[in-house]
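Here the structure is laid out as structure tokens; the discussion comes afterwards.
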Amino acid sequence: MCGIAGKIRFDGRPIARELVASMCNAMQQRGPDAVNYHFEPGVGLGQRRLSIIDLRHTAAPPLSNETNRIWVVFNGEIYNFRALRQELEGKGHTFRTETDTEVIVHLYEEYDVECVEKLHGMFALALWDADRRRLIAARDRLGKKPFYYASTTQGIVFASSLAALLHDHEISREPNFFAIDQFLERQYVPSPLTAFRSVRKLEPGHLLICEPGGRCETRRFWAATPRLVSRATERELQEELVRLTREAVRTRMISDVPLGALLSGGIDSGTIVALMAQESSGPIKTFSIGLEQTDMDELPYARLVAKRYGTDHTELVLKPDVVDILPKLIRCYGEPFADSSAVPTYYVSKLARQFVTVALSGDGGDESFGGYTHYGQTLAWEQLDFIPLCLRGAVLKPVEGVLSSLPFTDMASRCGRACMMARNELPGRYMTQTAIFKPQEKQAILTSRFRALINDSKNGDKGPTLPWRTTDDSLDWMIRHDLRFYLPDCLMVKVDVAAMANSLEVRSPLLDHHLVEFALTLPAKSKRSAGQGKAIMRKAFADLLPPEILNKPKTGFGIPLQKWLQVDLAAMMKGVLLDGRASRRGLLDQRFVQQMVHSHLAGDRDWSTRLWAIMVLELWFREFID
């Protein structure tokens, strides 16, 4: 795992070494073991390295081909690099290192941009082809590794983090208010947007190709598209699931440095630890986070798995003062990011890094196998679909209009939202169900100034949309939507940034793209059954996990935000949201913000996720804009 950065000027003017060095130094935690550069006319590439494979200093990227005409910087891991290397050696290529990085330049020589389709792993990379004067960048299929970029006067600048990219003073810090509006709905900024108007994210499963003259285009090479539903028997599907998951775990245990696992106490991470234990000759190191609030504490379940497999287990119990790390997280994420589970993710990564450099996690099971409760909540509204869509709209839209004209109350808001859910089709229902600020709440909290700024920032961009047809399976569509947006833009960002802030590499076997493609062929009943998700996982791995874990309901990995904002963090919340700086910004209706704060403190309504989101937003403005 590493941090990469670079700048290309197609007019050939030299790139300042100090610029690339400062960008790399801003990502020191992503790569504390080494830093290296390559410069030529119009080109500056840099990489900070967290050494995982081939620990020699001579193996530090940027690396080149035999003629030094093709260079690569690379963040991630390629799990099939040994097979690819053997193939390339058979074609006459010679290697100087034992790294997966060097494979990429020779693969490009053989297959041009199609080389990325042969990569099995997690990656964000940039290739400089000196002979053709072009830059090729790519981001892995599921967006596990980040890639930010911006166009400049005569070229392009890129980095693994927003904070690093902003060291180039050619890059404007002007906020993208349309992206910020999307953040208030989703708790993250969906790609290709960022919170900065001039900066973009490379979308997962995409290439970025920049040619002489500064012409850049993006091209998709993979997507979670609908697959034909498998006709295999349930037993055959379970056996294939076990085989693919075991293979995904095995390939991710390749490492020249200490390796362990993040153990949450759920089915996903428990399964990963069980399979790791079966593949390992010694005890697996496992790490878990607990909470003082017992109804959210999963430590007892994590201990069941740790005891069953004799792991070398380490725990940490979080207290409210852990959110003192919030300003640091704001800087690390670089744009507003309101998933409060970033806090425990940061601390479990910090805990693990004291003992290991690489950790496997259970991320991805909910997305591929329908584990989230909001899938069931959205599907429940389909009971009304026997009523024609036009009739539902004719009856309920006028009711919504009346409710929206009234002063905001919880009851009017909930009734308006129910009308929307009842009259909408699946995409509208899903976006409403998963929104942080619901439409009625946004109407109340956004000022007219903010609305004008949003419209001015749109520039043809759209929010997270996925094509939908009435013939699509509803669960499959929601899963594919999450694989495209929530997974890469929220979950993977959360894990990557929190882990890299502690120089820890996290690998996710359940996000092996072969496994994800298999899951897309499963019938809906194999994913959700009797109101529970991950039905096939519960059956396929029943022999590996204690029944207490298999039978417990879905529990999110988070913090007791409602309680903490009412008690321990109340002063911090009021200090951020109710002071003059937030008010003078003129984006949020301060009377509504005060109403939310006082209602939450009085225990009248749980506004915690909304309050956390606007706290994060205000702190981001202070750190990056003010």
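The values are calculated or read from the model by the stated rules, or taken from the named source; none is laboratory data. This is a predicted model, so every value here is computed, not measured. Cβ coordinates were reconstructed from backbone atoms using ideal geometry, including for glycine residues, and neighbour counts include every protein chain displayed. When the accessible area is computed, the model is the full protein with side chains, heavy atoms only, and any ligands, DNA or RNA have been set aside. Shrake-Rupley method; radii C 1.70, N 1.55, O 1.52, S 1.80 Å.
Computed values, structure above
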| read-out | value |
| --- | --- |
| Residue under evaluation Q47, criteria (1) part of a loop (DSSP other than H, G, I, E, B); (2) closer than 22 Å to I209 by Cβ, criterion not met | (1) |
| Of all residues in region 266-289 being among the hydrophobic types (A, V, I, L, M, F, W, C) and more than 23 Å from the chain's Cα centre (by Cα), the one that is most open to solvent (accessible area, probe 1.4 Å) | A277 |
| Those residues of region 61-85 which are assigned to a loop (DSSP other than H, G, I, E, B) and within 23 Å of T357 (Cα to Cα), in sequence order | P61, P62, Y79, N80 |
| Residue count for region 45-64, restricted to those that are small (G, A, S) and either under 28 Å from the mean Cα position of the chain (by Cα) or surrounded by 24 or more Cβ atoms within 10 Å (Cβ to Cβ) (or both) | 3 |
| Residue match in region 300-322 (condition: of a type in the set (F, W, Y), buried (at least 16 other Cβ atoms within 10 Å of the Cβ) and under 26 Å from W607 (Cβ atoms)) | no |
| Residue tally, condition at negative phi, not aliphatic (A, V, I, L, M) and not in a helix (DSSP H, G or I), over region 256-281 | 7 |
| Residue selected from region 213-230 under the condition closer than 22 Å to F74 by Cα and open to solvent by 40 Å² or more (accessible area, probe 1.4 Å), by the criterion modelled with the lowest pLDDT | C216 |
| Tabulated pairs, region 400-429, first within 30 Å of R469 (Cβ to Cβ), second loosely packed, with under 14 Cβ neighbours inside 10 Å and of a type in the set (K, R), C-beta under 8 angstrom, 6+ apart or interchain | C419/K397; R423/K397 |
| Which numbered condition F287 misses (of (1) in contact (Cβ under 8 Å) with a residue 24 or more places away in the chain; (2) in a loop (DSSP other than H, G, I, E, B)) | (2) |
| Tally, over region 458-476, of residues that are crowded, with 16+ Cβ neighbours inside 10 Å and out of contact with any Pro (no Cβ under 8 Å at 6 or more places or on another chain) | 2 |
| Residue check, E292 charged (D, E, K, R) and closer than 22 Å to G556 by Cα | yes |
| Complete set of residues in region 538-552 that are out of contact with any Leu (no Cβ under 7 Å at 6 or more places or on another chain), under 20 Å from S288 (Cβ atoms) and either touching a residue at least 24 places away in the same chain (Cβ under 8 Å) or aliphatic (A, V, I, L, M) (or both) | F541, L544, L545, L550, K552 |
| Helices (runs of 4 or more DSSP H) wholly inside region 325-433 that include at least 2 residues being under 30 Å from S599 (Cβ atoms) and among the basic types (K, R) | 410-423 |
| For M537: the one exception among (1) more than 19 Å from the chain's Cα centre (by Cα); (2) closer than 30 Å to M615 by Cβ | (2) |
| Among the candidates S503, S529, S583, residue that is among the polar types (S, T, N, Q) and open to solvent by less than 20 Å² (accessible area, probe 1.4 Å) | S503 |
| Failed item, numbered, when L611 is tested on (1) closer than 22 Å to L318 by Cα; (2) in contact with a Phe, Trp or Tyr (Cβ under 7 Å, 6 or more places away or on another chain) | (2) |
| Residue within region 490-498 that is outside the structural domain of V593 (by the TED database), in contact with a strand residue (DSSP E or B) (Cβ under 7 Å, 6 or more places away or on another chain), open to solvent by 10 Å² or more (accessible area, probe 1.4 Å) and under 30 Å from V358 (Cα atoms) present | yes |
| Top-ranked residue in region 449-475 [being part of a loop (DSSP other than H, G, I, E, B) and among the basic types (K, R); ranked as farthest from G376 (Cα to Cα)] | K458 |
| Matching strands (runs of 3 or more DSSP E) fully within region 152-255 where at least 2 residues are in contact with a helix residue (DSSP H, G or I) (Cβ under 8 Å, 6 or more places away or on another chain) and either farther than 30 Å from T357 by Cβ or not assigned by the TED database to the domain that holds L544 (or both) | 155-159, 206-211 |
| Filter pass, P388 being free of Cβ contacts under 8 Å to residues at least 24 places away in the same chain, open to solvent by 20 Å² or more (accessible area, probe 1.4 Å), farther than 30 Å from I445 by Cβ and not assigned by the TED database to the domain that holds S281 | yes |
| Check on G310, in a loop (DSSP other than H, G, I, E, B), in contact (Cβ under 8 Å) with a residue 12 or more places away in the chain, of a type outside the set (V, I, T) and farther than 15 Å from D543 by Cα | yes |
| Region 1-24 residues that are among the polar types (S, T, N, Q), paired with ones that are open to solvent by 30 Å² or more (accessible area, probe 1.4 Å) and assigned to a loop (DSSP other than H, G, I, E, B) (beta carbon under 6 Å, 6 or more apart) | S22/H167 |
| Residue in region 273-281 that is of a type in the set (D, E), touching a helix residue (DSSP H, G or I) at 6+ places or on another chain (Cβ under 6 Å) and within 26 Å of D100 (Cα to Cα) present | yes |
| Yes/no for P327 being surrounded by fewer than 16 Cβ atoms within 10 Å (Cβ to Cβ), in contact (Cβ under 8 Å) with a residue 40 or more places away in the chain and out of contact with any Asp or Glu (no Cβ under 9 Å at 6 or more places or on another chain) | no |
| Residues (open to solvent by 20 Å² or more (accessible area, probe 1.4 Å) and not in a loop (DSSP other than H, G, I, E, B)) located in region 129-151 | Y149, S151 |
| Residue satisfying all of: in region 540-569; over 25 Å from the mean Cα position of the chain (by Cα) and of a type in the set (V, I, T); farthest from V516 (Cα to Cα) among these | V567 |
| Selection within region 156-171 - crowded, with 24+ Cβ neighbours inside 10 Å and either free of Cβ contacts under 8 Å to residues at least 40 places away in the same chain or not hydrophobic (A, V, I, L, M, F, W, C) (or both) | S160, S161 |
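Here is a yes/no grid of residues against (1) of a type in the set (F, W, Y); (2) open to solvent by less than 10 Å² (accessible area, probe 1.4 Å); (3) in contact with a strand residue (DSSP E or B) (Cβ under 8 Å, 6 or more places away or on another chain):
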| residue | (1), (2), (3) |
| --- | --- |
| R173 | no, no, yes |
| I180 | no, yes, no |
| Q187 | no, no, no |
| H206 | no, no, yes |
| A232 | no, no, no |
| L237 | no, yes, no |
| E240 | no, no, no |
| P258 | no, no, yes |
| S264 | no, no, yes |
